[in-house]
Amino acid sequence: MKTSTSRRGQAIVAFVAAGMFLAACGSDGNGGPSPEGTDGVVSGELRTFTYSDTVHESKMVNFHKNYPDVEVRTATFESNDEAAAKIKAGFRADVIEVCLDEQGPLVDAGMLAPIDTSRLEHWDDLDPTFRDAAGVAAIDGQVSMVPTQAGAVGLIYDKDAFPDGVDSWADLFDPANAGRVALDGGYWLPPFAIKALADGSTDPMNLDDEQVTQIKDELIELRDAGHFRAFARSDADMGNMFKSGEIVLSDGGRATADDIIKGGGNVAWAAPKEGALSWVCGLSISSQAENLDAAYALINEHSSPETQALFGNNGFVMINPEAVPLVEPEFAESSDPRIIEGAYPEVAPANADLWRKSWQEVRAG
């Protein structure tokens with residue numbers, strides 16, 4: 001399930017299945033004619049396949065206002081089973097939401113069309129940390145997705161235990177904190193990238209097999225020594241451990257920290273000096289899209305300052321800094337992409353299968 005804290009990719013199978021279905025049922029041409037009216041107004045039917053919050057009415061208000069002649073047909077997923085059910089029911093799409101660490105199967109299967117950046121009204125305004133991230137141009141060097149939202153992963157710490165704060169991923173593995181530390185156990189990628197950063201890596205998404213194995217062995221050694229209090233199963237699980245005093249330090253999203261604070265926890269969030277991690281998700285165009293004009297219109301609207309601000313008000317990191325003045329004051333700082341400048345966007349490593357298998361071994365204990 002995607003949240004403002006974590007948009008973890010249990011949708012890869014759904015994406016691949018969606019791609020195969022679209023290929024089987026799409027038009028013969030690459031995109032086909034765009035159903036513009038004779039007056040050039042974007043119109044017709046637009047089909048989307050996204051996370052639910054991306055096409056929630058609260059996020060689509062500007063699109064509906066600016067493109068009243070477009071009929072939007074949405075289908076959403078929160079799990080593989082739900083996505084698969086929609087596909088089996090005959091759903092097809094023009095726009096597909098992907099995340100940088102999940103899009104590989106779709107790209108490899110040829111299910112995404114290259115995006116013409118000359119048709120993107122806000123492309124040059126997007127924060128370069130995300131716009132230029134590895135994986136954004138995944139189709140033979142051509143853009144495969146337009147980032148529209150992100151979430152930062154950094155350090156959450158108890159302010160009583162660390163009155164001077166924390167500022168390094170290495171604090172998670174400091175023997176002084178043994179037994180009072182938790183790691184988010186819900187996704188295989190961050191633990192290895194975080195440990196690599198703590199060990200001095202400057203390229204944490206590109207670890208070779210030997211490095212992955214070494215980190216696995218180090219994490220298992222720490223686990224067996226009782227260094228980790230737990231591998232948290234959810235944000236709520238993490239929050240409960242902070243509030244009960246079981247842990248004083250963890251990795252996690254800024255929105256998770258905010259939720260813990262709202263629930264009475266005395267925590268703060270910090271971006272590590274080595275660089276935060278960040279999931280990055282956005283909109284892609286299906287290689288079998290039938291309404292290209294409406295597809296580009298949706299992408300342009302979702303990357304506009306006005307609609308970006310709607311995501312910022314929901315706790316997401318925005319991609320377009322021009323939206324910052326439009327965000328509600330309480331979210332202005334946390335949603336500003338410039339706050340996490342230099343963050344490492346999460347992208348699927350070439351040896352992702354080894355990462356997954358290694359994390360399973362770590363968790364198995």
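Read-outs: derived from the displayed coordinates by stated rules, not from any lab. Note that the coordinates shown come from a computational prediction; the quantities given were computed from them, not determined experimentally. Here the Cβ is made from the backbone with ideal geometry for all residues, glycine too, and neighbour counts use every protein chain on show.
Exactly which trypsin sites (Lys or Arg not before Pro) in segment 209-307 are in a DSSP loop and have at most 14 other Cβ atoms within 10 Å?
Those satisfying the criteria are Arg233, Lys273.
Starting from the 7 Å offset along Cα-to-Cβ, what nm value, one decimal, do you get for the label separation of Glu330 and Asp203?
4.4
How many angstrom separate the Cα center of segment 250-282 from the Cα center of segment 201-244?
If we compute the Cα centre of each part, the gap is 16 Å.
Longest span of the chain, sites excluded, free of GluC sites (Glu not before Pro) in DSSP loop with at most 15 other C-beta atoms within 10 Å?
122-245
Using a 7 Å offset from the Cα along the Cα-to-Cβ direction at both Glu341 and Gln142, what is the distance between the two label points in nm, to one decimal?
3.3
Treating only the Cβ atoms of Lys and Arg (+1) and Asp and Glu (-1) as charged, compute the dipole magnitude of segment 73-226 about its Cα centre; round to the nearest 20 debye.
Here the size comes out at about 700 debye.
Treat each spin label as a single point 7 Å out from the Cα along the C-beta direction, and report the Asn66 to Glu306 distance in nm.
My value for the distance between the label points is 0.6 nm.
Can you tell me, using C-alpha contacts under 8 Å and at least 6 residues apart, the relative contact order of the chain as a whole percent?
Contact order relative to length: 28 percent.
At 222 nm, what helix-only mean residue ellipticity would the chain give, in deg cm²/dmol to the nearest 500, using -39500 (n - 2.57) for each DSSP H run of four or more?
After summing the helix terms and dividing by the residues of the chain, the value is -9500 deg cm²/dmol.
Translational diffusion coefficient of the chain at 25 °C, 0.890 mPa s, Stokes-Einstein with Kirkwood Rh over Cα pairs, in µm²/s as a whole number.
116
Do the alpha carbons of any pairs in Lys195/Lys357; Lys243/Lys273; Lys195/Lys273; Lys159/Lys195 sit beyond 19 Å of each other, and which pairs?
Lys243/Lys273; Lys159/Lys195
Looking at the chain, send over the antiparallel percent of its DSSP beta bridges, to the nearest 5.
The antiparallel proportion sits near 60 percent.
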